[in-house]
Number of protein chains: 4
Amino acid sequence: MTQQIAVIGGDARYLELIRQLQALPDTTISLVGFDKLEQGFTGLNQTDFADLEQRKMDAIILPITGTDSEGYVETVFSDQTIQLTSEWFDGLNDTAVVFTGISNQYLDAVSEASNVELILLLSRDDVAIYNSIPTAEGMIMMAIEHTDYTIHSSRVMVVGFGRVGNTVANKFAALGAKVSVCAKSIMDLARITELGHTAIPFDQLHNYTSECDLLINTVPAQVVTKDAIQHLPPHGIIFDLASNPGGTDFDYAKQRGIKAILAKSLPGIVAPKTSGKILADVIKQLLLEREEKIR
Amino acid sequence: MTQQIAVIGGDARYLELIRQLQALPDTTISLVGFDKLEQGFTGLNQTDFADLEQRKMDAIILPITGTDSEGYVETVFSDQTIQLTSEWFDGLNDTAVVFTGISNQYLDAVSEASNVELILLLSRDDVAIYNSIPTAEGMIMMAIEHTDYTIHSSRVMVVGFGRVGNTVANKFAALGAKVSVCAKSIMDLARITELGHTAIPFDQLHNYTSECDLLINTVPAQVVTKDAIQHLPPHGIIFDLASNPGGTDFDYAKQRGIKAILAKSLPGIVAPKTSGKILADVIKQLLLEREEKIR
Amino acid sequence: MTQQIAVIGGDARYLELIRQLQALPDTTISLVGFDKLEQGFTGLNQTDFADLEQRKMDAIILPITGTDSEGYVETVFSDQTIQLTSEWFDGLNDTAVVFTGISNQYLDAVSEASNVELILLLSRDDVAIYNSIPTAEGMIMMAIEHTDYTIHSSRVMVVGFGRVGNTVANKFAALGAKVSVCAKSIMDLARITELGHTAIPFDQLHNYTSECDLLINTVPAQVVTKDAIQHLPPHGIIFDLASNPGGTDFDYAKQRGIKAILAKSLPGIVAPKTSGKILADVIKQLLLEREEKIR
Amino acid sequence: MTQQIAVIGGDARYLELIRQLQALPDTTISLVGFDKLEQGFTGLNQTDFADLEQRKMDAIILPITGTDSEGYVETVFSDQTIQLTSEWFDGLNDTAVVFTGISNQYLDAVSEASNVELILLLSRDDVAIYNSIPTAEGMIMMAIEHTDYTIHSSRVMVVGFGRVGNTVANKFAALGAKVSVCAKSIMDLARITELGHTAIPFDQLHNYTSECDLLINTVPAQVVTKDAIQHLPPHGIIFDLASNPGGTDFDYAKQRGIKAILAKSLPGIVAPKTSGKILADVIKQLLLEREEKIR
Ligand SMILES: NC(=O)c1ccc[n+]([C@@H]2O[C@H](COP(=O)([O-])OP(=O)(O)OC[C@H]3O[C@@H](n4cnc5c(N)ncnc54)[C@H](OP(=O)(O)O)[C@@H]3O)[C@@H](O)[C@H]2O)c1
Ligand SMILES: NC(=O)c1ccc[n+]([C@@H]2O[C@H](COP(=O)([O-])OP(=O)(O)OC[C@H]3O[C@@H](n4cnc5c(N)ncnc54)[C@H](OP(=O)(O)O)[C@@H]3O)[C@@H](O)[C@H]2O)c1
Ligand SMILES: NC(=O)c1ccc[n+]([C@@H]2O[C@H](COP(=O)([O-])OP(=O)(O)OC[C@H]3O[C@@H](n4cnc5c(N)ncnc54)[C@H](OP(=O)(O)O)[C@@H]3O)[C@@H](O)[C@H]2O)c1
Ligand SMILES: NC(=O)c1ccc[n+]([C@@H]2O[C@H](COP(=O)([O-])OP(=O)(O)OC[C@H]3O[C@@H](n4cnc5c(N)ncnc54)[C@H](OP(=O)(O)O)[C@@H]3O)[C@@H](O)[C@H]2O)c1
């Protein structure tokens, strides 16, 4: 029995993703929103959205960004406007699964109403950790570009020791920076110490920023406050990796003349191929488990 | 107001622990079971167990091993026999706190019955992570002693990626070994990959042991089974760090002629001073928080 | 007795260099070719070239690039044309020392004729090693920018294990790349192995390029030949760090459709401040030793 | 044409060495001084020294220690007394090559007189670097054994940055120690900095020993003098890896109550198999080149 997958929209990462999905046995892939792609995929169906028979689909792959609040999806390789209405969702088969990077109220609502499973790829621990690698490399690239000194010997404060913070701290230390990491839990503080970084309890952050050249935030909450910013040296620079709107008081940084940069979507920018492969590996794995369950 | 602490028994680690506790302000420390100690502590009370007024104590520090199933405690530096009966526990003040490394049914029961708080130091995430450092160093020492080849370039399989497994894997990789780590969760497998080790799903362990020189177990469950052992090369060697009785089928290993070593209590053996300091830091921190709460 | 230094021309690195030299005691610094500088230096003499009394100078600092073949120097922060003729050199005091990054026939000739010491900063082992750090970071930045995959897990071949090759190999390995290094001497091959990289004898390079994603050349001789290039995978990319014209057969790479990039002057581009400090440290050290000798 | 090799004496390393040489094609190996070996080698000739026809030999492999000053060789696996007299050397073929680890006046003299080539394996850069790996691991083992604190977070001073010093510094840093390295040349100091260690100019050593827990000497000259030792903290410990008699003022250390250990022959002790393989690889390579030249 053949498995039917539709990819609806997506960015550069999706080219690798699609390439990888092609390796699946007994699978038919329909591409919607890739009509402007210069180099086509041999053996795949470029389908018009209107012509897609969604009831036949076993899996729908949405862009990493999901939909906007009205169901419109981002199509980098097409001029088409594609809207996934609640009616369209109702047309999906009950057993269908919908992949997206992140969700929002709209997407949550329509998928629930139409009773299809919605899988948030970026929320998965494994995807988040694998993605932390290109994120950290993008961070390194920016640090090299935006400073006139080397990472080697520079003093770096990483705020947060989650999936991204952990990887970022390790990479900067590997390049010879003197890394401090600011975290809440005693477990994190112990691990930070074991790894050779300086562990800073969260409520102490502002006491250490005077001694830091780069401050890298990974916490999705307002944690890089006036207190922390005002002690930074004039050449200090803030990179905020946390999801929009970041965790930095950007206004205050500006006022103080401290450069502060909100860096979004690094994996897709610096390593779309690797990022596409990360997504593909997980989707392939999940589809396989699904199929085994069905049989 | 002075804080009263009694240390009842303990091993080499406790010398450093006591030294550190002496730095606490407004604190009186009574030592029970240290009468054979060659170099005494100046300014501390060597007390006979019978003379200890337990009701006055704010904190009792038991050996890392706690008590045995009848309440006897290990006293490395004394010939005294000390038994902590349920009556003795009843004599403790309600607000007293009892520190131990690990507990057992007996200790759980008497502390609950007498309504005192029992703090298991080795169960704490921070202690476990800090202790993973001397554990890993002890593991390295044993690997160097028990093999006739270098760690550099050797193939090491670490089973388990908890607090100990993580540290052990990192240290062996840092010394140039080719490290694989075997774990269950997708999150662990992703982090293992990020760290540059080879990630092996748990149920695949036996398929990779033929390619490994050292197998290091950190999982406290029977996971190094016949299947895993039988594919080890003849010069392969197993180190089991998991708490007694380890996670290895030692009988089968013996039968197959594979050297298998159960290594216990490494922190206390290879780095009693560091281990004592780790315990002291946590105890001091907890006593401090306690006092703040009381006030 | 005051020491007189003239800085004639130079790029962004020289701003930090000058800042550092200002810390020298009993030193007068004259700046020639910095008239367009927006932020001036307080307390330094901006001097017109014509007005510089070269006979009074103890030290002359030329741009890193030295002069061109007719004695003209590069002045990034000025529109002046400055030519250091042999007559001008004759006007220098015998005991004067001239600092430059690199030399050429012209500069060698005029300094020898006028009997002044010429110090080639970039030829010094310490400068070359310190500079290898920003060079390697620049290389990392380019690798991240010019590929759509991560450095982590990519296969990197470093050609040459001199001062730059050694540092580049270490940094890429630290970021999780699988690094091979190609070198001639048995000593280098042994050290490469000790460091955990794969050691490739020089004459074997072409046998290993089929397995490599990034090829980074650091050897200033034609060593990345057709043989080596033709086995690279289509997505393979060549970075050539060796001094102009590099060590790559760029024509053949182009013909084969392999991207090949000659990357020059990375330290000055990615870390002018650090690079300026490196130069300043050495110049300060040499001036100090000089003064001690004179006394 | 078959190649004839005689192995005369040797220690545990030589078991692996012999095993590896067995893989050479068209080679006959005679073992002299291995009669007490429990597990024999199948297919090799155990020969009595008196019966060895030395004129037929293409290569003679002496113990790593060479001979003593009268030509006696060390035979760990035999009770025989074997003396290599000058007459015996005269009986060797002109084209024969004699391998040894180190030489002495006697060995130099007799080999020169009889006109055979003497190859000092331990003097070779590649062997010295490969051997620095088991040396460093032995050093780690001793550090763990002889201290009551962890290597992690300890302050280590490595004296000398040659083949051994470089490797030792890297390994201790990899285990989380704070490493300083003391060296003479500006090149070494630059590389030490690049590697992330603290670089100490040689003549400054004594100013930094008060801040160090472990002092590891690798310089074969009296460099760890009173000056350096007297500032060590009481718990400080000295390990001297330099060849006999080391580079430490052991008398003064004893007088000051500082533990000081001269550690010899670590590779043969901690990793005889790896060490044997290192020697075998070089001998095989040299025999191969030799044969190619002869043909
Ligand atoms: N810019 C990019 O390209 C990019 C790429 C990937 C991810 N991201 C973003 O980066 C951020 C971090 O991702 P992640 O995967 O590392 O997440 P994560 O694993 O959940 O880590 C978040 C960290 O923030 C800490 N934290 C959360 N709320 C906090 C608060 N109120 N105060 C103090 N600490 C707090 C957490 O500490 P506890 O665990 O102790 O709560 C944890 O250490 C997210 O916003 C994510 O969307 C950006
Ligand atoms: N020898 C010594 O000197 C020494 C020193 C310190 C600790 N230890 C001992 O070492 C062991 C590990 O300590 P730790 O602090 O690393 O503990 P931990 O953080 O709890 O880690 C245990 C690991 O084992 C895995 N695991 C547990 N049960 C499993 C099962 N049935 N099958 C597969 N995996 C399983 C866990 O995986 P999940 O998280 O996915 O469940 C986790 O990765 C303990 O027994 C501890 O007492 C010994
Ligand atoms: N792009 C930039 O921003 C930048 C920055 C700094 C330096 N550079 C340039 O990078 C290059 C390397 O600098 P470096 O400081 O590393 O020089 P280096 O220390 O002299 O190293 C050169 C390496 O090339 C090898 N080599 C030289 N000629 C060779 C040949 N014919 N065949 C094979 N191998 C050969 C040497 O091997 P042996 O030692 O065995 O001879 C050595 O390993 C120079 O051209 C330098 O100008 C560029
Ligand atoms: N214990 C063991 O098991 C073991 C194993 C292997 C080797 N070793 C011994 O370890 C020692 C070092 O071996 P290696 O291969 O590293 O030798 P190496 O490469 O020659 O290094 C020796 C180092 O000592 C420095 N040095 C020499 N004389 C000096 C002096 N008078 N003052 C200051 N520095 C001086 C050298 O500096 P410059 O280069 O600037 O001169 C160099 O850094 C040797 O004695 C060797 O026999 C012992």
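The values are calculated or read from the model by the stated rules, or taken from the named source; none is laboratory data. All values reported here derive from a predicted model rather than from experimental measurement. All Cβ positions, even for glycine, are placed from backbone atoms using ideal geometry, and neighbour counts span all protein chains on display. The accessibility values were calculated without ligands, DNA or RNA, using every heavy atom of the protein model including side chains. Shrake-Rupley method; radii C 1.70, N 1.55, O 1.52, S 1.80 Å.
Below, the figures for the structure above:
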read-out	value
Hey, C:Asp48 farther than 21 Å from C:Gly276 by Cα and open to solvent by 30 Å² or more (accessible area, probe 1.4 Å) or not	yes
Test result for D:Val156, assigned by TED's automatic domain parsing to the domain that holds D:Ile258, buried (at least 20 other Cβ atoms within 10 Å of the Cβ), modelled with pLDDT of 95 or more and within 12 Å of ligand 4 (Cβ to nearest atom)	no
In the stretch C:129-144, the residues that are in contact (Cβ under 8 Å) with a residue 40 or more places away in the chain, more than 14 Å from A:Ala136 (Cα to Cα) and either within 16 Å of ligand 2 (Cβ to nearest atom) or in contact with a helix residue (DSSP H, G or I) (Cβ under 7 Å, 6 or more places away or on another chain) (or both)	C:Tyr130, C:Asn131, C:Ile133, C:Pro134, C:Thr135, C:Glu137, C:Gly138, C:Met139
Residue identified as open to solvent by less than 60 Å² (accessible area, probe 1.4 Å) and away from every other protein chain (no Cβ under 14 Å) among B:Gly138, B:Gly66	B:Gly66
All positions within the stretch B:178-207 that are farther than 24 Å from B:Asp227 by Cα and within 14 Å of chain D (Cβ to nearest Cβ)	B:Leu195, B:Gly196
Members of the stretch C:39-80 that are closer than 19 Å to C:Gly101 by Cα and not hydrophobic (A, V, I, L, M, F, W, C)	C:Asp58, C:Pro63, C:Thr65, C:Gly66, C:Thr67, C:Asp68, C:Ser69, C:Glu70, C:Gly71, C:Tyr72, C:Glu74, C:Thr75
Some residue of the stretch B:198-212 being of a type in the set (Asp, Glu) and assigned by TED's automatic domain parsing to the domain that holds B:Ser69	no
Any hit, the stretch C:234-246, residues being farther than 24 Å from B:Gly196 by Cα, of a type in the set (S, T, N, Q) and within 16 Å of ligand 3 (Cβ to nearest atom)	yes
Any chance A:Asn115 is away from ligand 2 (no atom under 16 Å from the Cβ), assigned to a loop (DSSP other than H, G, I, E, B) and without any contact (Cβ under 8 Å) to a residue 24 or more places away in the chain	yes
Failed item, numbered, when B:Phe172 is tested on (1) among the hydrophobic types (A, V, I, L, M, F, W, C); (2) more than 11 Å from B:Leu214 (Cα to Cα); (3) more than 10 Å from ligand 2 (Cβ to nearest atom)	(2)
Yes/no for C:Gln83 being in contact with a strand residue (DSSP E or B) (Cβ under 6 Å, 6 or more places away or on another chain), in the same structural domain as C:Ile102 (by TED's automatic domain parsing) and either aliphatic (A, V, I, L, M) or under 29 Å from C:Ile269 (Cβ atoms) (or both)	yes
Odd one out for A:Leu175 among (1) closer than 30 Å to C:Arg13 by Cβ; (2) facing another protein chain (nearest Cβ under 8 Å); (3) touching an Asp or Glu at 6+ places or on another chain (Cβ under 8 Å); (4) open to solvent by 10 Å² or more (accessible area, probe 1.4 Å)	(4)
Strands (runs of 3 or more DSSP E) fully within the stretch D:1-80 counting 2 or more residues that are of a type outside the set (Val, Ile, Thr) and more than 23 Å from D:Leu118 (Cβ to Cβ)	none
Failed criterion for A:Ala190 (all others in (1) modelled with pLDDT under 95; (2) open to solvent by less than 10 Å² (accessible area, probe 1.4 Å) hold)	(1)
Matching option when the condition is open to solvent by 80 Å² or more (accessible area, probe 1.4 Å), out of contact with any Gly (no Cβ under 7 Å at 6 or more places or on another chain) and not assigned by TED's automatic domain parsing to the domain that holds D:Asp11, among D:Pro233, D:Pro245	D:Pro245
Filtered residues of the stretch B:205-230 (kept if over 23 Å from B:Arg163 (Cα atoms) and open to solvent by 60 Å² or more (accessible area, probe 1.4 Å))	B:Asn207, B:Glu211, B:Lys226, B:Asp227, B:Gln230
Of the criteria (1) open to solvent by 10 Å² or more (accessible area, probe 1.4 Å); (2) more than 24 Å from the chain's Cα centre (by Cα), which one D:Leu92 fails	(1)
Unique residue being under 21 Å from B:Arg290 (Cα atoms) and open to solvent by less than 10 Å² (accessible area, probe 1.4 Å) when the list is B:Ile129, B:Ile119, B:Ile82, B:Ile60	B:Ile60
Subset tally (residues that are open to solvent by 30 Å² or more (accessible area, probe 1.4 Å) and more than 14 Å from the chain's Cα centre (by Cα)) for the stretch C:263-285	3
The stretch A:212-227, subset without any contact (Cβ under 8 Å) to a residue 60 or more places away in the chain and touching a helix residue (DSSP H, G or I) at 6+ places or on another chain (Cβ under 6 Å), residue farthest from ligand 2 (Cβ to nearest atom)	A:Lys226
Any chance C:Ser243 is of a type outside the set (Val, Ile, Thr), away from ligand 1 (no atom under 16 Å from the Cβ) and more than 14 Å from chain A (Cβ to nearest Cβ)	yes
Counted residues, the stretch B:223-235 - those being within 17 Å of B:Pro201 (Cα to Cα) and touching an Asp or Glu at 6+ places or on another chain (Cβ under 7 Å)	3
